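Below is one structure, written out as structure tokens; the observations come after it.
The values are calculated or read from the model by the stated rules, or taken from the named source; none is laboratory data. Source: prediction; values computed, not measured. A quick note on method: Cβ atoms are made from the backbone with ideal geometry, for glycine too, and the neighbour counts reach across all protein chains shown. Just the protein is used for accessible areas: all its heavy atoms, side chains included, with ligands, DNA and RNA removed. Shrake-Rupley method; radii C 1.70, N 1.55, O 1.52, S 1.80 Å.
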Amino acid sequence: MAQADKPGGGELAGMKAAMEFLFTERTVTIPQQFESHVKLFAAWDNGTHTYFKSNLSIPRLLSDHIDAYLYNNKTDDEAAETEMLDFFKNTFSSVVDKLEFFANYKAALARRLLRSQFRRTLEAQFLARLKVVSGNAEVYPLNAMIIDIDNSDKLSADMLGNASMDSFLTREKLKAKTVLVTSQYWPTFEYIDIALPAVFSNFVTLFESFYQSRFPNRRVRWIYQSSTAVVTTRFTQGPKELSGSLIQATVLLMVDGTNGLKIPELVQATQLSKESVADAIASMYMNKKVNVLECVDPATGSVTEVKKLTDNLSFRVNVGFKSATRKLDLPKPRAAKAVDMTQLENLRKELAKIAIVRFMKSRGTATYAEMVDSALADLRRKFDAQPPLVKAQLEELIDRE
């Protein structure tokens, strides 16, 4: 989220009033840390105005702000942390559509875990609070995601003890860490194919061989679009460590050492979509603070500046790039996508069917109205279920019989 300067007292008072209006069925006391945590305030400020402008849902808004706090918080003030976590817990208890909240929260937690930008203690403390409000069913997968990270750390340590892998990493001067996620707990990922540079491809082959020797009955699928890489690139000023997505690293390595490659050429070389290649190039060319790529006019061979990427332009490493720091984060190509509302709606339908079947198994016989009322009571602990949803799923179950 965008950061903003801390507003004055009048604006802050207005923000407090807005948050109390948006989030409560009862009075919520916004903690003192809200006023002093600039990054957090900026996130709340940005999110609240977004809500008013585009009708962003309250569960999504709350999830985004909790993510901003857990992502940015670097303090060791236990009292302030407790105050903030309790505030989020109390606010969450007022949210009607808890199912939508958990869908967005899981996506945000996945991003924090995969980027290794989380504090395990703080994450666990907040999940414990969520469990108090909503029970274990929705919280268990979130804890399982953190356990996956712990298990991945152990596997990575074992991997470094493998002779073939150790020899390869030493020869290529690589440092590697693989995160293994259990698909039933994590958000649904889109799998893409990519023709990796040789150094990455060889690592993938070696890791799969190592993993299959440990777990012969398991299958590995790589989530390339969620993978990251650090590439050392040489510029006139000296070498720089560039940290970004695996897709950015792949494009960067493909153009490195060339006089320039066009987007269609990179699409063919990487097997990525044109959109993915263009996004990666734009993130490393359009951003003038980290413009590690430069554009070349193929007709003249001279460097040129453009505001729009087209297929006839070539891109290469900008060897003249300068920065005061040696380690740099590449701009993220795309903002995180919102949770797929179609998937969420399908989940609501499935939960409605489960609630109906559960009630029938416990009762044996019941009237149509009793089945609808029981399912609604069960579902409204998770989201604002309405009779038409339950009736439609009940009719579908009846038609199957």
Label point distance in nm, Ser156-Arg219, each placed 7 Å from Cα along Cα→Cβ: 2.7
Ile223 - accessible surface, heavy atoms, 1.4 Å probe, Å² rounded to 10: 30
At most 13 other Cβ within 10 Å, DSSP loop - GluC sites (Glu not before Pro), segment 144-231: Glu190
Accessible-area composition of segment 244-381, carbon plus sulfur, in percent [1.4 Å probe]: 53
Qualifying aspartates and glutamates (Cα of each under 17 Å from Cα of Lys391; at least 8 residues distant if same chain): Glu345, Glu350, Glu370, Asp373, Asp378, Asp399, Glu401
Förster-model FRET efficiency, 45 Å R0, Asp76 and Asp373, C-beta, rounded to 0.05: 0.35
Surface accessible to a 1.4 Å probe, per residue, for the residues of segment 262-373, Å²: 61
Over 25 Å between alpha carbons, listed pairs Lys98/Lys154; Lys89/Lys177; Lys175/Lys240; Lys106/Lys289; Lys106/Lys353; Lys106/Lys154: Lys98/Lys154; Lys89/Lys177; Lys106/Lys289
At most 13 other Cβ within 10 Å, DSSP loop - trypsin sites (Lys or Arg not before Pro), segment 147-239: Lys173, Lys175, Lys177, Arg218, Arg219, Arg221
Lys, Arg +1 and Asp, Glu -1 on Cβ, resulting dipole of segment 222-376 about Cα centre, debye, nearest 20: 400
Linear extension gain, Glu275 paired with Thr182, 0.36 nm per residue minus alpha-carbon span: 30.6 nm
Per residue accessible area in Å² of segment 106-215, where ligands, DNA and RNA are left out and the probe is 1.4 Å: 53
Rounded to whole Hz, the Karplus (6.51, -1.76, 1.60) HN-Hα couplings of segment 87-99, x for glycine and proline: 4, 5, 5, 5, 5, 4, 5, 8, 6, 6, 8, 5, 5
Residues Asn143 and Ile354, FRET efficiency given R0 of 30 Å [Cβ-Cβ distance, rounded to 0.05]: 0.85
Extreme residue, positive dipole direction of segment 241-333, given options Gln271, Leu313, Leu330 (C-beta unit charges): Leu330
Computed FRET value (nearest 0.05) for Ala163 with Ala392, which takes r as the C-beta separation and R₀ as 41 Å: 0.10
Label point distance in nm, Lys288-Asn259, each placed 7 Å from Cα along Cα→Cβ: 3.0
